[in-house]
Amino acid sequence: MRAAVLVFPGSNCDRDLAVALRAAGARVDMVWHKDTALPEGTDLVAVPGGFSYGDYLRCGAIAAQSPICRAVAAHAERGGHVLGICNGFQVLTEMRLLPGVLMRNAGITFVCRTERLIVRTAESDFTAGYSEGQEVVFPIAHHDGNYTASEDELDRLEGEGRVAFTYAENPNGSARDIAGVLSENRRVLGLMPHPERAVDPAHGGTDGQALFRSLVGALAAA
Amino acid sequence: MKARVTVMLKDGVLDPQGEAVRHALGALGFSGVTGVRQGKVIELDLAPGTERDEVERMCEALLANTVIERYEIEMG
């Protein structure tokens, strides 16, 4: 199973993401934003956290227009898997691979702490390692994590079981406590919390392991 | 030629930064401020003859996120 971790100027969770994917058994390529193609045989594109292009204009807006993201859009179009974490989630909404937008936190401040989340669906390759309703603890660290979408869109996401994670205690004003959402074909996940920072006992928790293991397992078997 | 694009959050979208500015103005004693909305202004230097339509496409493609933002274009 091959994963491509994108690297933008300002990415800072790219290495952590690669470590988490490798620990779960993936072969990982780091892919520079100016590249125009993904490595042959890429099963998963992983878009890391950080501050791509210094968050200029809007978080993720410039990265979404980078050469590699055209290849990512084509990969998603073919039904390929894409995981976006934190800034990666912002990039995926700016690419319109996921609905909605991540606005400035309602409390204005940057929030950096561990947060309790509820798994809302186990029906995806990302969340199959959890059970619906399970509580997990992932770190969060963001300034713009306030998930916003139209009421119709939010109803649709909930109705189709595409809300993957919600916050137990909403830290940023996100609509309906949403922390992560799935695409219509359930092969694109974006979430603000950092599962890759919870995969080693030294991190203080290992709740993120199940996400990477189930994803790598599902794609290796495919 | 130039174009000036003003990007604002749509009405009804909570603007936490505008709210913070409103509170700060209140703290300074400006008691009459009932609302603040914060946006951005983007000035474009354009090749002569650039059509307004093209600037509109720029807004749709990049300059604004129309999920939450609206934009106004002034050609000058």
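Nothing in this text is a laboratory measurement; each read-out follows from the coordinates by a stated rule. The shown structure was predicted, so the numbers you read here are calculated from the model rather than taken from an experiment. Every residue, glycine as well, gets a Cβ built from its backbone with ideal geometry; the counts of neighbours run over all protein chains shown.
What number comes out for the charge environment of A:Met1, summing +1 per Lys or Arg and -1 per Asp or Glu over other residues with Cβ under 9 Å away? Once all neighbours under 9 Å are counted, the net charge is +1. Coupling constants for region A:107-121 follow from the phi torsions by the Karplus curve (6.51 cos²θ - 1.76 cosθ + 1.60, θ = phi - 60°), and in residue order they are x, 6, 7, 5, 10, 9, 6, 7, 9, 7, 10, 10, 6, 9, 8 Hz; glycine and proline get x. Could you tell me which of rounded, prolate or oblate describes region A:148-222, using a ≥ b ≥ c as the square roots of the eigenvalues of the alpha-carbon gyration tensor, with rounded for a/c under 1.5 and, failing that, prolate when a/b is larger than b/c and oblate otherwise? Because a/c hits 1.5 or more and a/b fails to exceed b/c, region A:148-222 counts as oblate.
Between B:Thr6 and B:Leu28, full extension at 0.36 nm per residue minus the direct alpha carbon distance yields a gain of 5.2 nm.
Per-residue packing, averaged as other Cβ atoms within 10 Å, sorts the ranges B:13-23, A:202-212 into the order A:202-212, B:13-23, beginning with the highest.
For A:Arg15, neighbours were defined as the other residues whose beta-carbon sits under 11 Å from its Cβ, and their charges (Lys and Arg +1, Asp and Glu -1) total -2. Peptide A:99-106 has a mean of 4 when you count, residue by residue, the C-beta atoms of other protein chains within 10 Å of its C-beta. Sorted largest first, the spans of the alpha carbon positions of chain A along the three principal axes are 41, 37, 35 Å.
Give the shape of region A:153-195 as rounded, prolate or oblate, defined through the alpha-carbon gyration tensor: a ≥ b ≥ c are the square roots of its eigenvalues, a/c under 1.5 means rounded, and otherwise the shape is prolate if a/b is larger than b/c and oblate if not. It is oblate, given that a/c is not under 1.5 and a/b is not larger than b/c.
Once you reduce region A:172-222 and region A:84-161 to the center of their Cα atoms, the two points are 10 Å from each other.
Packing-based ranking of B:43-51, A:128-136, A:79-87 yields A:79-87, A:128-136, B:43-51, ordered from highest to lowest mean Cβ neighbour count within 10 Å.
Among A:102-115, A:43-56, sorting by the average number of other beta carbon atoms lying within 10 angstrom of each residue, highest first, gives A:43-56, A:102-115. Fully extending the segment from A:Gln134 to A:Asp200 would add 21.8 nm, taking 0.36 nm per residue of separation and subtracting the current Cα-Cα distance.
With helices as the sole contributors, chain A gives -7000 deg cm²/dmol at 222 nm; each DSSP H run of n ≥ 4 counts as -39500 (n - 2.57), and the sum is divided by every residue.
Helix B:16-27 and the long axis of chain B differ in direction by around 40°, with both axes built from C-alpha atoms. Each other residue within a Cβ distance under 11 Å of A:Pro171 adds +1 if Lys or Arg and -1 if Asp or Glu, for a net charge of -1. Only one residue of A:Leu17, A:Pro99, A:His142 has its Cα farthest out toward the positive end of the dipole of chain A, where Lys and Arg carry +1 and Asp and Glu -1 on Cβ, and that residue is A:Leu17. For peptide B:60-68, the mean count of partner chain Cβ atoms within 10 Å of a residue's Cβ comes to 5. Under the convention that each Lys and Arg Cβ holds +1 and each Asp and Glu Cβ holds -1, the size of the dipole of chain B around its Cα centre is about 300 debye.
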